[in-house]
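Every number here is computed from the coordinates shown, using simple stated rules; none is lab data. Everything numeric here is computed off the predicted structure, so don't read it as measured data. Cβ sites come from the backbone with ideal geometry, for glycine too, and all protein chains shown count toward neighbours.
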Amino acid sequence: MIRILDIAQKDLLQILRDRKTFIFLLIMPIAFTLFFAIAFGGTGQSSSDARLPVGFLDQDNSSLSGELGKVLTGSSVIRLDLNTERTAADLDKLVADEKLAAALIVPDGYGRSILDGAPLKLTVIADPSKPATSTVQNEILSAGQRLMSAARIAQITAQTTGDPTAFDTALAAALTAWQNPPIRIDRTASAAVKVQNSTAMSAAHSSPGMMLQFAIAGLITAASIIVTERKSRSLQRLLTTATSRVHILVGHYLAMFALIFGQFVVLMLFGKIFLGVDYLRIPAATFLVAAAAAACISAIGLLIGVFAKSEEQTIVLVMIPMFLLSGLGGAWMPLEYTGAAFQAIGHASPIAWAMDGFKNIVARGLGFSSVLIPAAVLTGYTLLFFALAVWRFWGSEEK
């Protein structure tokens with residue numbers, strides 16, 4: 001263990017002496033994060049609305065179905081798309097194309113059924129595999145229950161007073177009372193609970209994206225150390241001592257992990273303090289994703305280090321995965337804006353899973369469980385890249 005720590009310490013000291021380390025790990029990610037946040041932040045009202053877009057088709061056109069629409073319009077979680085010219089088929093296509101998170105269809109006779117105490121089922125068009133679907137369904141269910149309760153109170157009031165006209169007044173009063181209930185449950189299933197400006201919302205994508213991209217770029221110096229050791233014959237001399245190949249590999253890997261994880265911590269604090277990116281909303285989830293991503297990128301760096309034969313080749317082998325994995329993985333542009341085919345291809349990149357993990361916390365407002373699958377996939381990639389590095393290192397010419 002001491003030999004591993006000695007190797008890791010030696011690598012870190014050597015890496016931190018190189019100015020390129022700070023350029024790639026800190027200065028460049030901050031500069032590009034600010035650039036993308038400002039460039040794509042926008043200034044319009046619609047872009048700053050973080051609520052989930054939900055289509056709305058009222059086939060009943062009754063006063064009660066209208067009240068349902070009003071209740072949902074005031075939601076802090078979903079934003080109704082009130083285009084009255086759209087048909088059910090139009091809404092289905094918009095949901096399939098991921099231009100809407102979901103769509104709600106109020107069936108004919110819904111208002112009458114509320115008064116009869118046996119409300120018709122609302123139709124929700126959504127992809128059950130999407131995390132946002134349960135959020136939308138829960139919000140619609142809550143709104144429907146509010147309307148039913150308010151209508152029941154209004155009916156009792158009208159019957160008690162013997163004045164049918166009292167129904168509308170009592171209904172309005174009951175719905176108003178629901179706006180400030182005695183018990184409130186703050187949802188954590190949607191980032192829409194917190195209203196953010198457009199620049200902050202853009203930073204919620206660009207900050208983790210640039211952080212991950214330049215973490216790969218920072219591998220140039222770390223991977224070059226292994227190449228230099230081999231070229232200078234230091235590695236061969238080290239192998240003649242009691243230091244085993246396992247010690248050498250793990251020592252180099254530990255140095256890379258410490259470097260990248262440290263970079264993540266600094267850049268996450270910068271994003272939190274200066275850009276308003278809420279990395280610390282669920283600290284355990286954020287740091288789990290950061291650790292899994294750092295472990296994966298470190299394994300890539302180790303693999304490059306044992307494969308490359310020169311410093312020039314190291315740069316090429318770092319830059320290719322940096323641009324390829326970052327571009328495919330949605331570090332530059334959200335994969336949600338692309339088609340289903342590109343999203344499937346993009347998730348072949350570990351960067352896509354890291355982006356999913358970070359954005360589930362800072363942008364989508366999901367809970368701790370939402371990062372478990374991304375972290376598990378990143379761990380799988382880590383084992384794959386590390387195994388390839390071990391295979392290459394054991395088969396190298398240094399005996």
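Only helices enter this figure: runs of n ≥ 4 DSSP H residues, each worth -39500 (n - 2.57), summed and divided by the residues of the chain, yield -21000 deg cm²/dmol at 222 nm to the nearest 500. Look at 212, 12, 372, 267 and count the other Cβ atoms within 10 Å of each Cβ; fewest to most, that gives 372, 12, 267, 212. Across the range 51-193, the mean sequence separation of Cα contacts (distance under 8 Å, 6 or more residues apart), normalised by length, yields a relative contact order of 27 percent. A full extension of the chain between residue 388 and residue 269 corresponds to an added length of 39.5 nm, given 0.36 nm per residue minus the alpha carbon distance. Computed over the range 51-193, the Cα gyration tensor eigenvalues convert (square root of 5λ each) into semi-axes of 28, 18, 11 Å, ordered from largest to smallest.
For residue 83, the shell of other residues with beta-carbons less than 12 Å away shows a net charge of -2, using +1 for Lys and Arg and -1 for Asp and Glu. The lysines within cross-link reach of residue 121, meaning a Cα-to-Cα straight distance under 27 Å and a gap of 8 or more places when in the same chain, are 70, 93, 99, 130.
Can you tally the net charge around residue 108? Count Lys and Arg as +1, Asp and Glu as -1, for every other residue whose Cβ sits under 11 Å from the Cβ of residue 108. So the environment of residue 108 carries a net charge of -1.
Which of the helices in the chain meet the span-like rule: DSSP H, Cα axial reach of 27 Å or more, Kyte-Doolittle mean at least -1.0?
Values: long enough: 131-161 (46 Å, 0.00); 198-217 (28 Å, 0.66); 245-270 (38 Å, 1.80); 283-307 (36 Å, 2.15); 372-394 (33 Å, 1.59).
Helices meeting the criterion: 131-161, 198-217, 245-270, 283-307, 372-394.
Among the listed values [x] 151; [y] 186; [z] 313, the one matching volume of the Cα convex hull per residue in Å³ as calculated from this structure is [x]. Fully extending the segment from residue 280 to residue 129, taken as 0.36 nm per residue of separation minus the present Cα-Cα distance, adds 51.7 nm. What does the charge count around residue 144 come to, taking other residues whose C-beta lies under 12 Å from its C-beta (Lys +1, Arg +1, Asp -1, Glu -1)? Surrounding charge for residue 144 is 0.
Label sites at residue 17 and residue 96, each approximated as a point 7 angstrom past Cα along Cα to Cβ, lie 6.2 nm apart.
Considering only DSSP beta bridges whose two residues both sit in the chain, what percent are antiparallel, to the nearest 5? That works out to approximately 25 percent antiparallel. Here 379, 133 are placed in order of increasing Cβ neighbour count within 10 Å, fewest first, which gives 379, 133. Each of 245, 233 was scored by other Cβ atoms within 10 Å of its Cβ. Arranged with the fewest first, they read 233, 245.
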